[in-house]
Amino acid sequence: MSLVAKRYAQALFDTAVDKEIVDAMFDEFSSVIDLFKSETGLMDLMLTPSINTSEKKGILDRVLRKSLNQYLNNFLNILLDKNRFEFLIEIHDDFRQLVFPYKNMVEATVLTVVPLDEAQRVALEEKLALRFNKKVILDNKLDESILGGAVVYVGDQIIDGSIKNQLNQMKTQMNSLRLQ
Amino acid sequence: METTGLVSIDAREMIATLINFLIFFFVVKHFFYAKIKAVMAKRQDGVDAEIKGATEKNASAAALKAQYEGLIADIKAQERDIIRDANAAGQAQRQEILEKAHDESKAMLVKAMAEIEFEKAKAMNEVKSNIVDLSLFAAEKIIHKSMDQKQHEAMILDFIDKVGEAK
């Protein structure tokens, strides 16, 4: 993480807190990031030196204006003015790091072999929220190597309920047996 | 002149001869006797001194001979002692070498036995580890093929239940 991204993220976060729009700011900023991640050509356009800043602002305005609050819109324009648009995704990562503790939220990743349905996701988020005393935002990733069950990563904690883990424990126990 | 055969006595000639002899005797006695005597005495002293020196040298040589004979006897005695001590030391050293060799061979045997035991245990552990790895590999393959959607979901639900139980 760069210091530049941290400073911009902190400025945006302070504004959101001041204007009491942290949730909206986070949702809208995340939508912007999703858009730039899915439309890589748009990001390339914003980073092209031969297009001047006012043209970039015009493109951005036409694409995003109706969906963004004025503070986020101004923030994106400042990034263009200062030639810092390349830091956009990094700034969003830092912004999320600021928003989550503020909202008493935590990100978690759950590995499964088959995707969780909505009911399972909600149930697991609720159980994890009770366990960590925080609202949990769950990201489900598929991983066949765990064989079955689930593995949850929350910060630096791991809750491993996978078949792979059970087999590994069995392997450790079997290897510790002393042969005569 | 009177002649009487081949030998004749002439009194004057005899007296003259006697006088000549006496004069010669007194001249010699007066002028040379003391010197001749001194030379003779000196020579006698020299001979005496040489005889005395030779006698002393003989005595000294005899003493040296006796001394060297004593030394040779001592050396022979020391030689005997040295040979005896060397034999004893050699015997002790031989015994020590034998004991050391015995101890070393015993230690080598113990070490070899320990190494054999270690290698045996290591080999058994490797075999065991391979068996465990193969067993778990087979188990993984079987589980991977045999688990269906329903079983996966059941395991996930079981996990969700257990996540809430333990803190």
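The values are calculated or read from the model by the stated rules, or taken from the named source; none is laboratory data. It should be emphasised that the depicted structure is a prediction, and the values quoted were computed from it without experimental measurement. Cβ: placed from backbone, ideal geometry, glycine included. Neighbour counts: every protein chain shown. Please note that ligands, DNA and RNA were not included when accessible areas were found on the heavy atoms of the full protein model with its side chains. Shrake-Rupley method; radii C 1.70, N 1.55, O 1.52, S 1.80 Å.
Looking at A:Asp139, A:Asp34, A:Asp44, A:Asp143 in this structure, which one is surrounded by fewer than 14 Cβ atoms within 10 Å (Cβ to Cβ), charged (D, E, K, R) and not assigned by TED's automatic domain parsing to the domain that holds A:Val17?
A:Asp139
Only residues in the range A:146-160 that are at the interface with chain B (Cβ under 7 Å from one of its Cβ atoms) and open to solvent by 10 Å² or more (accessible area, probe 1.4 Å) count as the first member; pair them with residues that are aromatic (Phe, Trp, Tyr) and assigned to a strand (DSSP E or B), Cβ under 9 angstrom, at least 6 apart or cross-chain, and list the lot.
Pairs that qualify, where the first residue is at the interface with chain B (Cβ under 7 Å from one of its Cβ atoms) and open to solvent by 10 Å² or more (accessible area, probe 1.4 Å) and the partner is aromatic (Phe, Trp, Tyr) and assigned to a strand (DSSP E or B), are A:Ile159/A:Tyr153.
I'm trying to understand the selection: among the residues of the range A:71-89, which are in a helix (DSSP H, G or I) and open to solvent by 50 Å² or more (accessible area, probe 1.4 Å)?
A:Tyr71, A:Asn74, A:Ile78, A:Asp81, A:Glu86, A:Ile89 - these are the residues of the range A:71-89 that are in a helix (DSSP H, G or I) and open to solvent by 50 Å² or more (accessible area, probe 1.4 Å).
Only one residue in A:Glu86, A:Glu126 is facing another protein chain (nearest Cβ under 10 Å) and more than 29 Å from B:Asp133 (Cα to Cα), so which one is that?
Residue meeting the stated conditions: A:Glu126.
Which of the residues spanning the range B:131-153 are more than 9 Å from chain A (Cβ to nearest Cβ) and either in a helix (DSSP H, G or I) or touching a His at 6+ places or on another chain (Cβ under 7 Å) (or both)?
B:Leu134, B:Phe137, B:Ala138, B:Lys141, B:Ile142, B:Lys145, B:Ser146, B:Lys150
Output yes when any residue across the range A:132-139 is under 24 Å from B:Lys145 (Cα atoms), in contact with a helix residue (DSSP H, G or I) (Cβ under 7 Å, 6 or more places away or on another chain) and not in a loop (DSSP other than H, G, I, E, B), and no when none is.
no
Can you tell me which residues in the range B:154-163 are surrounded by fewer than 15 Cβ atoms within 10 Å (Cβ to Cβ) and either under 11 Å from A:Leu147 (Cα atoms) or more than 7 Å from chain A (Cβ to nearest Cβ) (or both)?
B:Ala154, B:Asp158, B:Asp161, listed by residue number.
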